[in-house]
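Chemist: Below is the structure I would like to discuss, written out as structure tokens.
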Amino acid sequence: MRYKQRKEEKPLMATGLSYNKSKALRDRLYALIFLGPSLLVLIVFVFFPMFRTLYLSFFLTNNLGKPTVFIGFANYISLLSSSAYLHSLQATFIYVIAVSCLTLTLGLLLAQTASQKVRGISFFRTIFSGTMGVSVSVAAIFWLFIFNPSVGMLDQLANLLHLPAINWLTQPGWAMTAVVISTVWMNLGFTFLIFFGAIQSVPSTLYEAAQIEGVSKIYQFFHITLPMISPTLFFVSIITLIESFKSFGLIDLMTAGGPDNATNLLVYRIYQDAFLSGNYGLASTESVILALIIAFFTFIQFKVLEKRVNY
């Protein structure tokens, strides 16, 4: 009797194993069907260009971008010993720090202001977020008109106040200032909306309790608002830093890297070397260095800022 029972259990166990195996295969097939298109897009447009860029950075290339001579780290040594490249690196750091700090500070202040319950504040909320609907080309035309030394708004204001006119886009120092102002204005709409949504989610009971205790608005901002929106502040700071390193459109349309290479940032230099000079090996090396710089600063942000985030 026991022998028969054991004999019947074996087919049942085999059936269960085959069922589990077929289910696992079916799950893998479903995963491949749903994830396959995304993985294909990532491989074609992200991973392949990334490894191809790293590969080309070790070669001299022809005008078509095909590798011709393997030179190892010669491109990296040439760049890091080039005064022109180091100047672009310095200009990029100045630009990124200025844009990131001003965008975060102004976006946070505008969001805090728009959170006040006063009449007509909805109009200002719309105005503050309006730059999100402006394209880079339109923004460049707008700011080129404002910075025009003859008919620009700033020139007219300087004449009205009997101040000396400034050639914003033809003097190196002022050209960087003009590009920073334009970029901050472009990024402000997105930053404002994210901060405004975060501030609106802070429980009002915290502010009511602080008012009962007679706490000032400034104290509430630094000890209630900022700690409560710290995850959002952490996210926006990382996004703003990365986007600042990748800025291209306004620089191309407003200054084209000039004057005297004052606004020739790393991304624009990559564009010049690759598509204007046809030196794809050198441009690939610059791309790798830029990617490493962004990864380094992002890592530092995670290490430093994440400790101050309250979840």
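Chemist: Just to check I understand the Karplus step: with θ = phi - 60° and J = 6.51 cos²θ - 1.76 cosθ + 1.60, what whole-Hz values come out for the stretch 274-280, glycine and proline as x?
Modeler: Karplus values, whole Hz, x for Gly and Pro: 7, 9, 9, 9, x, 9, 6.
Chemist: What chymotrypsin sites (Phe, Trp or Tyr not before Pro) does the stretch 55-137 have in DSSP loop regions with at most 12 other beta carbons within 10 Å?
Modeler: Taking the stretch 55-137 and a limit of 12 other Cβ atoms within 10 Å, the loop chymotrypsin sites (Phe, Trp or Tyr not before Pro) found are Phe73.
Chemist: In which sequence would Lys307, Lys23 go, from the one with the fewest C-beta neighbours within 10 Å to the one with the most?
Modeler: Values: Lys307 7, Lys23 10.
Neighbour counts put them in this order, fewest first: Lys307, Lys23.
Chemist: Go ahead and estimate [θ] at 222 nm for the chain from helices alone: -39,500 (n - 2.57) per DSSP H run with n ≥ 4, summed, over the residue count, rounded to 500.
Modeler: Working: 14 runs with 212 residues, N = 311.
Taken over the chain, the calculation gives -22500 deg cm²/dmol.
Chemist: So what J values fall out for the stretch 132-146 if you push phi through Karplus, 6.51 cos²θ - 1.76 cosθ + 1.60 with θ = phi - 60°, rounded to Hz, Gly and Pro as x?
Modeler: 5, x, 9, 6, 5, 5, 5, 4, 5, 4, 4, 6, 4, 5, 5
Chemist: Something else now. Sort the chain into rounded, prolate or oblate with this rule: let a ≥ b ≥ c be the square roots of the eigenvalues of the Cα gyration tensor; rounded if a/c is under 1.5, and if a/c is not under 1.5, prolate when a/b is larger than b/c, oblate otherwise.
Modeler: Because a/c hits 1.5 or more and a/b fails to exceed b/c, the chain counts as oblate.
Chemist: So between Phe222 and Asn148, what do we pick up on full extension, going 0.36 nm a residue minus the alpha carbon distance?
Modeler: Result for the pair: 22.6 nm of gain on full extension.
Chemist: Does anything in the stretch 183-201 have its amide N under 20 Å from the 7 Å Cα→Cβ label point of Thr126, and if so which residues?
Modeler: Taking a point 7 Å out along Cα→Cβ of Thr126, the residues of the stretch 183-201 whose backbone N falls under 20 Å are 188-194, 196-197.
Chemist: By how many nm would the segment from Ile141 to Leu86 lengthen if fully extended, with 0.36 nm per residue of separation less the alpha-carbon distance?
Modeler: Separation in residues times 0.36 nm, less the Cα-Cα distance, equals 16.8 nm.
Chemist: To the nearest 20 debye, what is the magnitude of the charge dipole of the chain about its Cα centre, counting +1 on the Cβ of each Lys and Arg and -1 on the Cβ of each Asp and Glu? Display every interim value, and only then the final one.
Modeler: Details: 20 positive and 12 negative charges, 394 e Å.
In total the dipole reaches around 1900 debye.
Chemist: Which of Leu163, Val236, Val138 sits farthest toward the positive end of the charge dipole of the stretch 78-308, with +1 on the Cβ of Lys and Arg and -1 on the Cβ of Asp and Glu?
Modeler: Val236
Chemist: Between Val69 and Leu253, what FRET efficiency follows from the Cβ-Cβ distance if R0 is 45 Å, with the result rounded to 0.05?
Modeler: On the way: r = 36 Å, r/R0 = 0.80.
Once rounded, the FRET efficiency stands at 0.80.
Chemist: Using a Förster distance of 51 Å, how high is the FRET efficiency between Leu109 and Ala24, based on the Cβ-Cβ distance and rounded to 0.05?
Modeler: Calculated value: 0.40.
Chemist: Also, quick follow-up: Which residues' amide hydrogens lie under 5 Å from the amide hydrogen of Phe59, considering only partners 5 or more residues apart or on another chain, with H built in the peptide plane?
Modeler: The answer is Ile71.
We did not get these values from a lab; they are worked out from the coordinates using the rules stated. Given the structure is predicted, the values throughout are model-derived calculations rather than measurements. Heads up, the Cβs are rebuilt from the backbone with ideal geometry, glycines too, and the neighbour counts pull from every protein chain shown.
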